[in-house]
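One structure below.
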Amino acid sequence: MRLRSAYGDLNHGEPTMKLSILFILMSLSAGCAFSSHRRIEAKMGTPATIAAAQASLASKELSGPIEFERIVAASWAVDRSGLLNLKHPKAKHVKDTLESIEIYTYRITHSRYGTFLIDTGISEELASDGDSDAIGWMVAKSMNIDKLNTHISTKKILETLPGPLQGVFLTHLHLDHILGMPDIGNRVPVYIGPGDISHSAFLHLFVQGTADRLLAGKAALREWKFDKEHDAIDVFGDGSLWVLHMPGHSPGSVAFLIRSKDGPVLITGDTCHTGFGWANGVEPGSYTADHKRNRESLRILRNMVSEHPEIQVHLGHQRVGQKLSSYGDKS
Ligand SMILES: [Zn+2]
């Protein structure tokens with residue numbers, strides 16, 4: 001009815017303005033995709049299950065063919081209400097203030113398939129100027145880009161790799177995980193979980209321009225395919241790197257289980273950002289799209305680690321065992 005009356009009104013004056021308002025209202029209610037970048041289905045890997053990935057940990061041979069390195073790309077500070085669901089019974093006492101966090105990228109080098117990065121760190125332009133043409137001013141302000149202190153740019157990381165970069169695996173498609181994309185070669189394949197590019201939300205009206213500029217010139221992103229029977233992928237087909245579907249924080253969020261030379265490693269991505277969240281089973285706050293699914297994904301990962309305490313765990317933005325520490329605290 002409203003649409004009809006709006007169109008009816010158009011015949012009787014101020015048509016252009018009314019049409020614009022109509023389109024703005026329609027797009028606000030529908031939201032928009034995270035990015036308009038192209039996507040294709042990932043062909044790499046063998047469909048598998050989280051249960052099979054976990055069962056592989058029972059093998060007596062805990063070490064595997066992958067060399068693993070965590071790189072702290074930057075220090076940063078964001079709101080605790082984004083990092084933690086402060087309504088959770090275990091987080092009700094936590095004050096909403098700025099929390100010190102870090103941005104990580106991970107290098108994995110497989111003895112046969114070469115070197116890959118998980119997440120992308122910080123581009124040289126952003127590291128050296130403290131600013132980037134790709135990042136819109138409103139996004140920069142809401143992301144606290146002024147609090148970002150880069151330790152090593154992605155360009156410098158790439159210069160130290162033991163061989164050419166064969167690919168990038170993203171834990172999920174959020175801006176703080178693709179800030180290093182401008183330094184990644186345009187032809188390097190980039191893999192993401194299903195549904196993150198097309199994920200529609202009101203907030204993405206403001207984010208899409210920045211996401212598209214960070215991905216500009218890159219090949220189509222390759223989406224992992226999961227289905228009812230397969231919630232994991234055995235990436236190299238040898239059980240050394242598993243992608244585990246962990247929807248919730250974003251629809252396509254994934255974790256990685258790695259059989260490294262130093263034993264099993266779990267990268268949770270932003271299914272859990274903080275040491276406090278991991279210790280207490282508290283899912284992220286306002287940065288998370290679907291709290292119920294995020295909680296379930298976090299429960300699965302915490303269970304896996306309680307059954308296999310030998311796993312070395314790497315959280316989205318803090319270290320395991322790290323206590324909450326307000327930004328500016330000396331501790
Ligand atoms: Zn993040």
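The values are calculated or read from the model by the stated rules, or taken from the named source; none is laboratory data. Every value quoted in this text rests on a predicted model; they were computed, and no experiment measured them. All Cβ positions, even for glycine, are placed from backbone atoms using ideal geometry, and neighbour counts span all protein chains on display. What goes into the accessible areas is simple: the full protein's heavy atoms, side chains included, and nothing from ligands, DNA or RNA. Shrake-Rupley method; radii C 1.70, N 1.55, O 1.52, S 1.80 Å.
Please say if the stretch 104-208 is rounded, prolate or oblate, where rounded means a/c under 1.5 for a ≥ b ≥ c the square roots of the C-alpha gyration tensor eigenvalues, and otherwise the choice is prolate for a/b larger than b/c and oblate otherwise? Can you show the working numbers first?
Details: a/c = 2.51, a/b = 1.35, b/c = 1.86.
Oblate shape, in that a/c is at least 1.5 and b/c is the bigger or equal ratio.
Rounded, prolate or oblate, given the Cα gyration tensor of the stretch 35-315, with a/c below 1.5 counting as rounded?
rounded
With θ taken as phi - 60° and the coefficients 6.51, -1.76 and 1.60, list the Karplus ³J(HN,Hα) couplings across the stretch 111-118 in order, rounded to whole Hz; mark glycine and proline as x.
So the Karplus estimates, Gly and Pro as x, are 4, 10, 9, x, 9, 10, 10, 9 Hz.
Find out how many positive minus negative residues lie around TRP242, taking Lys and Arg as positive, Asp and Glu as negative, among other residues whose Cβ is under 14 Å from that of TRP242. Walk me through the numbers before you get to the answer.
Numbers: positive: ARG259; negative: ASP231, ASP234, ASP238.
Overall, the nearby charge balance is -2.
Give me, ordered by chain and number, the residues 5 or more places off THR46 or on other chains with an amide H under 5 Å from its own placed amide H.
HN-HN under 5 Å from THR46: ASP234, VAL235, GLY237.
Between LEU62 and ASN144, what is the label-point separation in nm under the 7 Å Cα-to-beta-carbon projection?
Computed distance between label sites ASN144 and LEU62 equals 3.6 nm.
Under 10 Å, Cα contacts only: if you run a Gaussian network model on the chain, which one of SER198, SER306, SER297 comes out with the highest mean-square fluctuation?
The residue with the greatest mean-square fluctuation here is SER306.
Quick one: length gained pulling LEU205 to SER326 fully straight, 0.36 nm per residue minus the C-alpha distance?
Length difference between fully extended and current span is 40.5 nm.
Between SER286 and TRP137, what FRET efficiency comes out of the Förster formula 1/(1 + (r/R0)^6) with R0 = 35 Å and r the beta carbon distance, rounded to 0.05?
0.95
Between LYS95 and ALA220, 0.36 nm times their residue separation minus their Cα-Cα distance comes to what?
Result: 40.8 nm gained on full extension.
Using only DSSP helix segments of four residues or longer, with each worth -39500 (n - 2.57), what per-residue ellipticity at 222 nm results for the chain after dividing by its residue count and rounding to 500?
Calculated mean residue ellipticity at 222 nm is -7500 deg cm²/dmol.
What does a probe at GLN166 reach in the stretch 115-130, counting residues whose amide N is under 11 Å from the point 7 Å along Cα→Cβ?
115-117
Roll a 1.4 Å probe over the protein chains and send me the accessible area per residue for the chain in Å².
Heavy-atom SASA per residue in the chain reads 47 Å².
For the stretch 189-331, just say rounded, prolate or oblate: build the C-alpha gyration tensor, square-root its eigenvalues into a ≥ b ≥ c, call rounded for a/c under 1.5, and beyond that prolate if a/b exceeds b/c, oblate if not.
Values: a/c = 1.62, a/b = 1.11, b/c = 1.46.
Note, shape of the stretch 189-331 comes out oblate.
If each of ARG112 and ARG299 carries a label point 7 Å out from its Cα toward its Cβ, how far apart are those two points in nm?
Roughly 3.8 nm, to one decimal.
If you roll a 1.4 angstrom probe over the protein chains with everything in place, what fraction of the accessible area of the chain belongs to carbon and sulfur, to the nearest %?
53 percent
Given Cα pairs under 8 Å that are at least 6 residues apart, what percent is the relative contact order of the stretch 35-315?
That works out to 25 percent.
Taking amide H positions as placed 1.01 Å from N in the peptide plane, with prolines and chain starts having none, which residues 5 or more places from SER325, or on another chain, fall under 5 Å of its amide H?
Here SER100 satisfy the definition.
May I ask for the net charge around GLY180, where only other residues with Cβ less than 11 Å from the Cβ of GLY180 are counted and Lys, Arg are +1 while Asp, Glu are -1? Provide the component values of the computation, followed by the final result.
Working: positive: LYS155, LYS156; negative: ASP119, GLU124, GLU125, ASP176, ASP183.
My count for the surroundings of GLY180 gives -3.
Could you check which residue among THR109, THR160, THR274 shows the biggest mean-square fluctuation in a GNM of the chain with a 10 Å Cα cutoff?
For the chain, modelled as a Gaussian network with Cα springs under 10 Å, the answer is THR160.
In the neighborhood of VAL168, defined by Cβ-to-Cβ distances under 12 Å, what is the net charge if each Lys or Arg adds +1 and each Asp or Glu adds -1? All intermediate terms of the calculation are to be shown ahead of the outcome.
Values: positive: ARG107, ARG187, LYS218, ARG222; negative: ASP119, ASP183.
Taking every other residue near VAL168 into account, the sum is +2.
Relative to the present Cα-Cα distance, how much length would full extension add between ASP212 and GLU229 at 0.36 nm per residue of separation?
2.8 nm
Are there DSSP H segments in the chain that both extend 18 Å or more along their axis (alpha-carbon positions) and score a mean Kyte-Doolittle hydropathy of at least -0.5? List them, or say none. Mind dumping the intermediate values first?
Numbers: long enough: 15-30 (22 Å, 1.50); 291-307 (24 Å, -1.32).
Length and hydropathy pass: 15-30.
Would you look at the GNM of the chain, springs on alpha carbons closer than 10 Å, and say which of ALA55, ALA140, ALA91 moves the most?
ALA55
Which of the residue pairs LYS92/LYS292; LYS87/LYS147; LYS43/LYS228 have a Cα-Cα distance greater than 22 Å in the structure shown? If you can, show how the numbers build up before the last one.
Values: LYS92/LYS292 18 Å; LYS87/LYS147 26 Å; LYS43/LYS228 18 Å.
In this structure, LYS87/LYS147 exceed 22 Å between Cα atoms.
I'd like the accessible area for LYS90, computed on protein heavy atoms only with a 1.4 Å probe and all protein chains in place. Round to 10 Å², please.
Counting only protein heavy atoms, the figure is 110 Å².
Which one, ILE184, LEU241, PRO164, is farthest towards the positive end of the dipole of the chain when Lys and Arg carry +1 and Asp and Glu -1 on their Cβ?
LEU241
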